[in-house]
1. In Å and on Cα atoms, what radius of gyration and Dmax does the stretch A:462-551 show?
2. From largest accessible area down, sort B:382, B:245; use a 1.4 Å probe on the protein chains.
3. I need the inter-copy label distances for residue B:407: point set 7 Å along Cα to C-beta, values in nm with one decimal, smallest first.
4. If I model chain B as equal point scatterers sitting on the Cα atoms and use the Debye formula, what is log10 I(q)/I(0) at q = 0.07, 0.13 Å⁻¹?
5. Which listed residue (B:374, B:325, B:360) has the Cα farthest towards the positive end of the charge dipole for the stretch B:323-410, taking +1 on Lys and Arg C-beta and -1 on Asp and Glu C-beta about the Cα centre?
6. Tell me: how much accessible area in total is hidden between B and A, 1.4 Å probe, Å², nearest 100?
7. Please compute the length gained on full extension between residue A:217 and residue A:62, using 0.36 nm multiplied by the number of residues separating them and subtracting their Cα-Cα distance.
8. Kindly provide the Kirkwood hydrodynamic radius of the protein assembly as shown in Å, to one decimal, from all pairs of distinct alpha carbon atoms.
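The values are calculated or read from the model by the stated rules, or taken from the named source; none is laboratory data. Quick caveat, the model's predicted, so the values are computed rather than measured. Ideal geometry is used to build each Cβ from the backbone, glycine not excepted, and the neighbour counts take in all protein chains shown. These accessible areas exclude ligands, DNA and RNA; they are computed on the full protein's heavy atoms, side chains included. Shrake-Rupley method; radii C 1.70, N 1.55, O 1.52, S 1.80 Å.
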There are 2 protein chains.
Amino acid sequence: MNDNVKVIPLGGLGEIGKNMTVIEYKNEIIVIDCGVAFPDEEMYGVDLIIPDVSYLLDNKDKVKGFFITHGHEDHIGALPYILKQINVPVYGTKLALGLIKTKLKEHEMLDVAKLYDVKVSDTVNLEFLSVEFIRNTHSIADSCSLAIHTPVGVILHTGDFKVDYTPIDGLVMDFDRISALGREGVLLLMADSTNVERKGYTISERKIGETLSRIFSKAEGRVIVATFASNIHRMQQIIDASIKYGRKVAFNGRSMENISNVAIELGYLHLPEEYKLDIDELTDHKSEEVTIITTGSQGESMASLARIAFSTHRKIKVEPNDLFIISASPIPGNDKLISRVIDKLLSEGAKVIYKDLEEVHVSGHACQEELKLIHTLVHPKYFMPVHGEYRHLKLHGDLAKSLGMNHEKVFIVKTGQVLELSKQSANISGKVKTGKIFVDGIGVGDVGSVVLRDRKVLAEDGMLTVVFTIERETCTLAAGPDIITRGFVYVKESEELIREVKEISRIEIERCLERGIVEWSVLKTTTRRAIERFLYEKTKRRPSIIPIIMEI
Amino acid sequence: MNDNVKVIPLGGLGEIGKNMTVIEYKNEIIVIDCGVAFPDEEMYGVDLIIPDVSYLLDNKDKVKGFFITHGHEDHIGALPYILKQINVPVYGTKLALGLIKTKLKEHEMLDVAKLYDVKVSDTVNLEFLSVEFIRNTHSIADSCSLAIHTPVGVILHTGDFKVDYTPIDGLVMDFDRISALGREGVLLLMADSTNVERKGYTISERKIGETLSRIFSKAEGRVIVATFASNIHRMQQIIDASIKYGRKVAFNGRSMENISNVAIELGYLHLPEEYKLDIDELTDHKSEEVTIITTGSQGESMASLARIAFSTHRKIKVEPNDLFIISASPIPGNDKLISRVIDKLLSEGAKVIYKDLEEVHVSGHACQEELKLIHTLVHPKYFMPVHGEYRHLKLHGDLAKSLGMNHEKVFIVKTGQVLELSKQSANISGKVKTGKIFVDGIGVGDVGSVVLRDRKVLAEDGMLTVVFTIERETCTLAAGPDIITRGFVYVKESEELIREVKEISRIEIERCLERGIVEWSVLKTTTRRAIERFLYEKTKRRPSIIPIIMEI
């Protein structure tokens, strides 16, 4: 144990999602955020990815708590899974905690979790470390940057942020406090790199309100807006436009209902009682008096918007005068899904407005000019870009250097690397175990790379099982071989092919048996290889070949 | 048979790709283009999609030829497959035919195909129909719009196009001929809808040359540019920048080598002999004297760029001073693939310039203002938007209406619908069979929705086989049940689960056998259901359960 502070990202660097950072001093560890990541298309069947927290489990006694910057999934989503393993206090602002509570409830963990409501500008003091919550602006209300005061100096973690001079709740980012910290001296800045590729400034959320108001003024039928359930300010602007044009507002989709309830209850979302509309009462109102705010803005096939489009929603059917607004950007990878939904809505006769046509969405992350502002205010001794793929971190490092920072003071760190800080120095001093834990159904960690590799093969060419029974004593084929395929070819149209596979298998097996080879492994391998060779030549495909032997 | 002309899109409307349009008059059918589409992520294992041409096969005697607008895959890629079924003449300009020939060669069909080289501005005359090739500008050289002169009037099909006033080869779009046609009267306009969502103009290809030249002027090591192999003008600009700064040029990747050979041979690409570099001679030259033009600009894992990045390329390894330029846009769905490659190249120490950072790519399709120009010059009697998803066709229809066209004269047509035209009228008069034929390996059409559904289930939750042997005479279980899984769970960590499945199966089978139930279908269904129920409850997953019975 030494007198240095260690900063260890357990997720979020060199990847999008599962943001989690350890800050450690002597026997004290605090953890910033505890998020999930979403699977990419090669992670067949995986629902969620959570960080490997072996390092926390190995240092269980040191861990003093999770400090949450804001209530987005990639910052809070892993809490139910991780708190099951290490139940320490969770500190956050009111809205973040409200969202965490709905999660913990679903996991039946609300009673055991220790949640502490922190007011913006307050500081949580531990033995050596103290954590100050500083207001910032982001695409969710009540978002904070964190200043971690340590014996070797201040670490400022921006959290996710943008610079919005005209936020919907009127609460601007606390530049004054950030400047003061900069003036007093910040040892390490960790700053959001998401939008570092984009020049200029991010547009203010308020601008969307103006666009919405203009669109609402011309709408003739129902207005149905799909957006991220956590974007309370967006919801508020949709509500404001609705009220202005005499529309009641209904919430649709589980997360939209959950989060709007939490936000209204906690006072973050304002919807007068007389404008509330239950989704079951839609038909009692004229369509020009109805707004629906719904989930599914990414086109996910199981979410509400897609269900409405493809007529599988139980309560909402597309009507010809409907105006749909997709108030979101597709997350990389989701473009095709959302396009499919838009095409279907249009072909059902509805109008659809989306980002390519009107300014109905803005990002919640800082672009280059905003990042320059923060760097200039903070002018830290050391800088570690966070929250981004490698190219984001690299470009963010370059941005810091373009502002005059020495390249030796910029640390492009990988998840798991340990940045060790003293008052006078910073260096990468090691590496801890990290990784992706896959959540599939209710299984956590029982799906890994072998299982995924199998799924990939199955997905691409399907499988072919060859099964046969051997009589042990006589060393003869008692039944089979039978061939069963799934996802390989149309069996009807390929009867000849399957017949040939059967024949090839029979020949291989009998040849082995005649030679007295009864070791299952040899029998299996020989048969599998013969089939593989034959099928690849005939079809240029490589289905998963599964030989099964029964013995009687 | 009547005196009307029928226009029947067999692909390309309400979808991206597999462009193909039938124009029919009496006993004469001509087909515009013959393209492939690429599978989306749910089409597991599918390599290509070609159009269902049942309609052509049913009218084989009428089909007089394919008329190719340009040499992109989505316009020529299906030819080898379709010509095997209906070998009629193929008409196109020199470069398009050159590219078609390399395809036909791979399919060993070059000897049997009937290819006719058409000069730009020439007309191919059939009995009733004649097809005039009109120069346009696009992201491939030698691209044409087609005017089909029919007894009821002229049909103008733009093909894919953009308006480029400063094309690299100096050959601007033939506005004069298009105006003349407009003046004389065009019955039906069919125009490219790809970029109708975009306001303003598409930037000229020449602009990219300026950016490349600036980037090349500062490059210190090798420059490696990934772009679409078919974009000859882009290649030419990369060559020009290379020569300007004393670099020799090597081509890398099969399609890049093929197409550059064809283009150089046909005189579309100019690379002085002394600047040609073989990929095997890379090490003989200083890195600042080398440019490599490579495939893989979409980040496809098997293409050259990804192989270079992930160190699996046999001849090219990343060097610290390398400058990579991704001179392309990600096609929707490929964003993550290309990001992964960029991240890897950066983390290997190379520099990478891509579209988000510099203007290193422009689109080949017309934006709104360019489309307005064409509509204004042509001012057709009827309009059918083509080449786009439904939303593109819809918006393009709206654009035509905004220019004063009556909404009854705009036809938003679906693939397979028949638009029937007389001199005085146009109406949708029917529908022909169309669809997607999947190409998987060398199989064409032997993979369909059932196989894909199976692959989807296998991909998401894997499979579990339960296999057992029954003795017919005694009606008892002779061996098994054995459980084999793939892509379901880590077997080691789930031994208990698998043991339970085995036990449940045994109980179900014996219960059936005791009652004298020996029908395989009942035995299978009973066992499958019991396992499904158990596994869903335990894991919330639904693997494909495959019961196999052997009988001795």
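1. For the stretch A:462-551, the Cα radius of gyration and maximum Cα-Cα distance read 12.7, 39 Å.
2. B:245, B:382
3. Copy-to-copy label distances for residue B:407: 6.1 nm.
4. After summing over all Cα pairs, the log10 values are -0.52, -1.21.
5. Looking along the dipole axis, the top candidate is B:374.
6. 5900 Å²
7. Computed gain between residue A:217 and residue A:62 is 50.1 nm.
8. Computed over the protein assembly as shown, the radius equals 32.7 Å.
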